[in-house]
1. How much length is gained if the chain between Asn109 and Asn93 is pulled fully straight, taking 0.36 nm per residue apart and subtracting their Cα-Cα distance, in nm to one decimal?
2. Across the stretch 98-112, in residue order, what do the Karplus-derived ³J(HN,Hα) couplings come to in whole Hz, using 6.51 cos²θ - 1.76 cosθ + 1.60 with θ = phi - 60° and x for Gly and Pro?
3. Would the stretch 72-131 count as rounded, prolate or oblate if I go by the C-alpha gyration tensor, calling it rounded below 1.5 in a/c and otherwise prolate when a/b exceeds b/c, oblate otherwise?
Amino acid sequence: MAMFFDPFRDIDRVAGQLLDSRQGPRLMPIDLYRDGDHYVLNADLPGIDPGSVDIDVDGQLLSIRAERTPRSQEGVKWIARERSAGSFLRQFNLGQGIDTTAISANYENGVLSVVIPVSEKAKPRKIEVQTSAANAVETPADSAPAEPSAA
């Protein structure tokens, strides 16, 4: 029987054991973008029970928690097991100008979408310049008599 030595596989295995954070929360990959008057945060949470997703807003801190429970398969000899189970956590500082009372969320096809609206007072607005007749300065073109039109 031939022995096979793959140094990269062994390094990957050792690094995985040293860096494994099974005791702590896992990270969830996200995309965040602004679309008009709201931000959209998409978080990948495949295999998560939607009932385990918990979204909290405390002041300006948005927290997303989720739990993936391991499937119980006694007597199974694992060949590879890369899909970790446990707690997932992300926290975001929302800053000023967010309407925290109107945040909404949807979970579909393993993606959690959180819509974060911008508050009305933080939206850009146009300021109209007012003029008054008393302050208006008459220009020479305005004071010239109109020329008669040819009939």
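Values in this text are rule-based calculations from the coordinates and carry no lab data. Quick caveat, the model's predicted, so the values are computed rather than measured.
1. Numbers: separation 16, 0.36 × 16 = 5.76 nm, distance 2.63 nm.
Full extension from Asn109 to Asn93 adds 3.1 nm.
2. Result, ordered by residue: 10, 8, 5, 7, 10, 5, 10, 9, 9, 10, 8, 6, x, 10, 8 Hz.
3. Numbers: a/c = 5.05, a/b = 4.29, b/c = 1.18.
Prolate.
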